[in-house]
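Colleague: Below are the structure tokens for one structure; questions will follow.
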2 protein chains.
Amino acid sequence: MNCEDFSKLPIYLIGAGNVASHLGIAFHKSGIAIKSIWSRNIYNAITLSKIINSGHTDNLNVISNEKAVYIISVPDNVISDIVKIIGKNNSILIHTSGSTSIDILQSYSDNYGVFYPLQTFSKTKKDIDFNEIPVLIEFSNNLVNELLISWCNLIGVKYTNADSEQRMKLHIAAVFANNFTNHMFAIAQELSETYKIDFNLLRPLIAETFEKIKSFNPKDIQTGPAIRNDEETIKLHLKSLSNNPDLAKIYSFVSESIIQMHKKEK
Amino acid sequence: MNCEDFSKLPIYLIGAGNVASHLGIAFHKSGIAIKSIWSRNIYNAITLSKIINSGHTDNLNVISNEKAVYIISVPDNVISDIVKIIGKNNSILIHTSGSTSIDILQSYSDNYGVFYPLQTFSKTKKDIDFNEIPVLIEFSNNLVNELLISWCNLIGVKYTNADSEQRMKLHIAAVFANNFTNHMFAIAQELSETYKIDFNLLRPLIAETFEKIKSFNPKDIQTGPAIRNDEETIKLHLKSLSNNPDLAKIYSFVSESIIQMHKKEK
């Protein structure tokens, strides 16, 4: 067992969504060949296979007959259904999920791990510099560890060891730092449309928000009516949002959260 | 009256906070002299006066005896107290607030206006390129309009005419686009501290969040558990946040808002 070299095994990419596509392309660019891509949607598999010069299928049984490495990059709630089918031959099972424990894989193989790139991936935006992305890895044994590290070295990413609990916690922080900030921008965009204001007027403000974050801790640079305890402005804004109760609720809630966070500091 | 040229009058800067400091410096750099700065806190007035080579005082009566231009850059709820004292001699009263109506100035002069730079200003971050900042202006008469435009031209900023209602609505959008996004980063930072995770691991994600915003509409690039309707992950995250009910509430609330926004689109 110890003389095995997992890097000689064929690699199958399970999934052709946002993460799978960016991973597949990064592997391909780094000279790591993907033998075939599976997707429930064969058209997605075909599209990606053309870019990374691999096979494609929508039938898991076809690609589960040999000992292989499976990179499972599918929605979290589908992982267990997938591994039930491909988890044979003591194959190497690697999932790429932030919030799914490594334990989901343990009944199907001795060789399993996690390769979680901490980044936001959209198919609409293709040029992501993988070298800048922290990858969190976890593994069931040293051979899997070596395989994951060899991938990181070939792609040129920095990796960090993290157990499933740490990875999930970082994922929660990432939800706030990316998904929720993006939603705040989306609300600003929606408000601009409602108010017939040019969203571009806000772009210098957004750019400065980001510039500040590069050099300062976000807590130290909070501005706005809430941190000033400017109740009159908050009331005025809430009144203006009263025809949109959902937004008013978010406004009032996040303002309260800002007040609470900075009260603790004083 | 029409032959008056307000640009010959002395300019007093009322306030020495975040906005006042950045404005004072921008005016000074553009060759627009500030005669004196008033602040309730004389030390703040002195600090700023040294940078922009002006006088300083904490006594409004001292600077209200002549016809002058007053740039009133103080917390919104203090503006009316200030103008009660300085609003004499039909002086030119200009406030810099996003959400305060121009009407607050009308009882004290015929000559009043608003000069609102749509940006986030912190004293901790000094180097702001004013040329990039949209300034919204409003005015009671053409002479004030000319004065405001001459400032914009000297400083080199793009100005947009906006009435008080439009300005307040843009301010609300700005609260979401800056204050609330920054708070989401602050929560991510706080979570990293609680979880003993290096906040720097999140920086590439934050950088990519902003890179995407430059080229795409935020609504079109939303990612994360909420837009995927990934209830299991949301439940898992809420369970993990259960020892911090405030954060759990924000998490649940913003996730719901994401789901609602994108449901409308489908």
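Colleague: If you take the beta carbon distance between A:PHE216 and B:ASN142 as r and set R0 to 56 Å, what does 1/(1 + (r/R0)^6) give as a FRET efficiency, to the nearest 0.05? It would help to have the intermediate numbers written out before the result.
Modeller: Working: r = 42 Å, r/R0 = 0.75.
That gives a FRET efficiency of 0.85.
Colleague: Give A:LYS239/B:LYS239; B:LYS158/B:LYS219; A:LYS263/B:LYS196; A:LYS29/A:LYS67 a once-over and call out the pairs whose C-alpha atoms are over 29 Å from each other.
Modeller: Details: A:LYS239/B:LYS239 34 Å; B:LYS158/B:LYS219 27 Å; A:LYS263/B:LYS196 22 Å; A:LYS29/A:LYS67 24 Å.
Those over the limit are A:LYS239/B:LYS239.
Colleague: Using 0.36 nm times the number of residues separating B:GLU193 and B:ILE46, minus their current alpha carbon distance, what extension gain do you get? Can you show the working numbers first?
Modeller: Values: separation 147, 0.36 × 147 = 52.92 nm, distance 3.75 nm.
Full-extension gain reported as 49.2 nm.
Colleague: Just counting partner chain Cβ atoms within 10 Å, what average do the residues of peptide A:226-239 show around their Cβ?
Modeller: Per residue, the average neighbour count from other chains is 4.
Colleague: Would you give the gap between the C-alpha center of the stretch A:219-266 and the C-alpha center of the stretch B:161-201, rounded to a whole Å?
Modeller: 11 Å
Colleague: How far apart, in nanometres, would the label points at B:LYS235 and B:ASN53 be if each is projected 7 angstrom from Cα along the Cα-to-Cβ direction?
Modeller: 6.9 nm
Colleague: For the stretch B:25-37, in order, what is each residue's ³J(HN,Hα) by Karplus, 6.51 cos²θ - 1.76 cosθ + 1.60 with θ = phi - 60°, in whole Hz (x at glycine and Pro)?
Modeller: These are the phi-based 3J(HN,Hα) values: 5, 5, 4, 4, 4, 8, x, 8, 6, 9, 5, 7, 10 Hz.
Colleague: What length, rounded to one decimal in nm, is gained on full extension from B:LYS84 through to B:LYS264, with 0.36 nm per residue of separation minus their alpha-carbon distance?
Modeller: Values: separation 180, 0.36 × 180 = 64.80 nm, distance 4.85 nm.
So the extension gain works out to 59.9 nm.
Colleague: While we're on this one: Rounded, prolate or oblate: which fits chain B, taking a ≥ b ≥ c as square roots of the Cα gyration tensor eigenvalues, rounded meaning a/c under 1.5, else prolate when a/b beats b/c?
Modeller: Working: a/c = 2.51, a/b = 2.10, b/c = 1.19.
Prolate shape, in that a/c is at least 1.5 and a/b is the bigger ratio.
Colleague: If you don't mind, there's one more thing I want to ask. Please give the Cα centre distance for the stretch B:82-136 versus the stretch A:46-107, rounded to the nearest Å.
Modeller: The stretch B:82-136 and the stretch A:46-107 have Cα centres spaced 60 Å from each other.
Colleague: Then there is this: Once both axes come from the Cα atoms, what is the angle between helix A:42-52 and the longest principal axis of chain A, in degrees from 0 to 90, rounded to 10?
Modeller: That helix lies at roughly 80 degrees to the long axis.
Colleague: Related question: Take peptide A:112-122, look around each residue's Cβ out to 10 angstrom, count Cβ atoms belonging to other protein chains, and average those counts. List each step's numbers first, then the result.
Modeller: On the way: counts 0, 0, 0, 0, 0, 2, 4, 6, 11, 2, 7.
Counting other chains' Cβ atoms within 10 Å and averaging over A:112-122 gives 3.
Colleague: In addition: Could you compute the FRET efficiency for A:ASP129 and B:SER107, with r as their C-beta to C-beta distance and R0 at 60 Å, rounded to 0.05? Please report the intermediate quantities before stating the final value.
Modeller: On the way: r = 58 Å, r/R0 = 0.96.
With R0 = 60 Å, the Cβ-Cβ based efficiency is 0.55.
Colleague: Another question, then. For the Cα atoms of chain B, what angle does the longest principal axis make with the long axis of helix B:164-174, in degrees from 0 to 90, nearest 10?
Modeller: Result, in degrees: 40.
Colleague: Additional query: Rounding to the nearest 10 and keeping the result within 0 to 90°, find how far the Cα-based axis of helix A:231-240 lies from the longest principal axis of chain A.
Modeller: 70 degrees
Where a number appears in this text, it was derived from the coordinates with a stated rule and is not lab data. If you're wondering where the values come from, they're calculated on a predicted model, not measured in any experiment. When we count neighbours, we look across all protein chains shown, and the Cβ atoms used for this are built from the backbone with ideal geometry, even at glycine.
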